[in-house]
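The values are calculated or read from the model by the stated rules, or taken from the named source; none is laboratory data. Predicted, not measured: the structure shown is a model, and the values here were computed from it. Positions of Cβ are generated from backbone atoms using ideal geometry, with glycine treated the same way; all protein chains shown enter the neighbour counts.
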Amino acid sequence: MTEPKRVAFVSLGCAKNLVDSEKMLGQLVEAGCALVNEDQADAVVINTCGFLGAARAEADQVIGEILQRKERSPGLRVVVVGCLVQRDGDALLARHPGVDALVGVHRRDDVVRAVLGEPTGHGGHPTRREPDLYLGDYHAYTQIDTARVRLTPRHYAYLRLGEGCNQKCTFCTIPAIRGPLHSKPPEAVLAEARELIADGTVELNLIGQDTTSYGRDIGHAPGLAGLLRLLDGLDGVQWIRLLYAYPSMFTDYIVEALGECRHVCKYVDLPLQHINDRILKAMHRQVDRVGTERLLHTLRERIPEVTIRTTLIAGFPGETEAEFEELVEFVQGFGFDALGVFPFSSEPDTPAGRMKKQLPPDLIQERVEALMLAQQETVFARARGRIGAEFAVLVDERVDEKRVVGRHAGQAPEVDSVTYVESSSATPGTLLTVRCHACDGYDLVTRPTEVTLPVWSP
């Protein structure tokens, strides 16, 4: 028998990209490949992000580093996949001529052929010197994400509800890269959720380019609210978390489901981007300040314990000092539980990238920092307010012999603050009841109470 192909994998970008990486890893394993570190590999797959300039720069750097490794090991096969490939196509080869194969997001399932060097069907041959190209435009199909090799800890996973987006935000490249919204059928989502739960997952983080529009494209009348109720009824799940919600698509039915479903975290990731009406119109967000504030207050009135996280864009073209100050005052006044700020990235293939009055990078960065400072006061005060409170924490990993780190229901993985638990016995994947006795900046410091709730055993 021949030795299996040894493959290393580099995953860049967001949680949606991570799901693609996990699925491709699963396909490679099913094809008989062995997963190894880069220094042991016969082939390296790099899953890229092409959303923003900074992400593209990171991808180019990683590709360059792997190609330098290839110069020392000429037999190494380098396969680049994902959003940057879909965005740039074979023009990517002009920057990286040593790449052996390109796989776009709509040809994800061809990753095995790309790694093994099989013919492309266009006259290609494994031994030819030209790179293999697996590129293609969007076509309506359902990407099934079962049988993944997960890169997250066993106890939490990302569950993608669909692909693409029908919103036409002027700053965003996602529809051009990923195509229009294509929701997975509810039965496909439930099948994937059951598989993840059977594998030890107790926290499902729901993702998509626009989760609140789930089902609209496939005639699924219950939409996201109905799907939340179906997922809530699954055995074995403890937390279900809603990420990437779009404010103009947030219905009363979704609010009701968030409040009523037992296992759905009272947590909403609601990227608002801005609050000024002129900027929102220029962004084509399909919502104004009045509508935004109405939704935010509805969430807090009907779900008093809700955690609201948002992201904003600083330095949108033409943003005046007065419009920026309006945004700062809004952040200070509402008091978000968590907030992230992106500096505006001028993408040449978007309407916003072609707008006049592009702001200088230094000014944009100043505004990013000002927004984060405005938010910091709120978050530090909220952290201090939790001292003395008891709540449940899902343990993620051990920090040292005396501490583990985890998250309460209002903390999403990777993007939010964390909760430290002073415990020498707690293990990842367990749900602990803790009491907070201190805070460390954004993070909380706790000790277990007498109650320990086992969730699963490795």
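Of note:
- Some residue of the stretch 100-111 being at pLDDT below 95 and more than 23 Å from the chain's Cα centre (by Cα): no
- Among (1) over 19 Å from residue 309 (Cα atoms); (2) in the same structural domain as residue 316 (by TED's automatic domain parsing); (3) surrounded by fewer than 16 Cβ atoms within 10 Å (Cβ to Cβ); (4) in contact (Cβ under 8 Å) with a residue 40 or more places away in the chain, the one test that residue 380 misses: (1)
- Extreme residue, nearest to the chain's Cα centre (by Cα), among residues of the stretch 233-256 that are more than 14 Å from residue 211 (Cα to Cα) and among the hydrophobic types (A, V, I, L, M, F, W, C): 239
- Selected residue (criterion: nearest to residue 290 (Cα to Cα)) from residues of the stretch 206-255 that are in a strand (DSSP E or B) and in contact with a helix residue (DSSP H, G or I) (Cβ under 7 Å, 6 or more places away or on another chain): 242
- Tally of residues being within 22 Å of residue 372 (Cβ to Cβ) and touching a Gly at 6+ places or on another chain (Cβ under 9 Å) across the stretch 260-305: 3
- The set of residues from the stretch 296-307 being over 23 Å from the mean Cα position of the chain (by Cα) and either surrounded by 20 or more Cβ atoms within 10 Å (Cβ to Cβ) or assigned to a helix (DSSP H, G or I) (or both) comprises 297, 298, 300, 301, 302.
- Candidates 143, 167, filtered to the one that is outside the structural domain of residue 78 (by TED's automatic domain parsing) and under 25 Å from residue 265 (Cβ atoms): 167
- Only one of 224, 234, 228, 243 that is touching a Lys or Arg at 6+ places or on another chain (Cβ under 7 Å), of a type in the set (A, V, I, L, M, F, W, C) and assigned by TED's automatic domain parsing to the domain that holds residue 166: 234
- Test: residue in the stretch 225-247 that is at positive phi, at pLDDT 95 or above and out of contact with any strand residue (DSSP E or B) (no Cβ under 9 Å at 6 or more places or on another chain): yes
- The stretch 37-79, subset assigned to a helix (DSSP H, G or I) and among the β-branched types (Val, Ile, Thr), residue nearest to the chain's Cα centre (by Cα): 62
- Residues located in the stretch 383-408, provided they are exposed (fewer than 14 other Cβ atoms within 10 Å of the Cβ), of a type in the set (D, E, K, R) and farther than 15 Å from residue 430 by Cα: 384, 390, 400, 401, 402
- For the stretch 142-162, a residue qualifies if it is hydrophobic (A, V, I, L, M, F, W, C) and in contact with a Gly (Cβ under 6 Å, 6 or more places away or on another chain), and the qualifying residues are 147, 149, 161.
Quick grid of which residues meet (1) at pLDDT below 95; (2) not in a loop (DSSP other than H, G, I, E, B):
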{"position": "144", "(1), (2)": "yes, no"}
{"position": "151", "(1), (2)": "no, no"}
{"position": "154", "(1), (2)": "no, no"}
{"position": "192", "(1), (2)": "no, yes"}
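- Any chance residue 337 is in the same structural domain as residue 411 (by TED's automatic domain parsing), closer than 25 Å to residue 413 by Cα, of a type outside the set (Gly, Ala, Ser) and crowded, with 17+ Cβ neighbours inside 10 Å: no
- Test: residue in the stretch 263-284 that is among the hydroxyl-bearing types (Ser, Thr, Tyr), under 29 Å from residue 184 (Cβ atoms) and part of a helix (DSSP H, G or I): no
- Checking residue 346 against (1) in contact with a strand residue (DSSP E or B) (Cβ under 9 Å, 6 or more places away or on another chain); (2) touching a residue at least 40 places away in the same chain (Cβ under 8 Å); (3) assigned to a loop (DSSP other than H, G, I, E, B), the condition it does not meet: (1)
- Scanning the stretch 1-36 for residues that are closer than 22 Å to residue 152 by Cα, at pLDDT below 95 and in a loop (DSSP other than H, G, I, E, B) gives 13, 14.
- Pairs, first crowded, with 21+ Cβ neighbours inside 10 Å in the stretch 225-252, second in a loop (DSSP other than H, G, I, E, B) and aromatic (Phe, Trp, Tyr), C-beta under 7 Å, six or more apart: 227/214
- Checking residue 411 against (1) polar (S, T, N, Q); (2) more than 21 Å from residue 303 (Cβ to Cβ); (3) buried (at least 21 other Cβ atoms within 10 Å of the Cβ), the condition it does not meet: (2)
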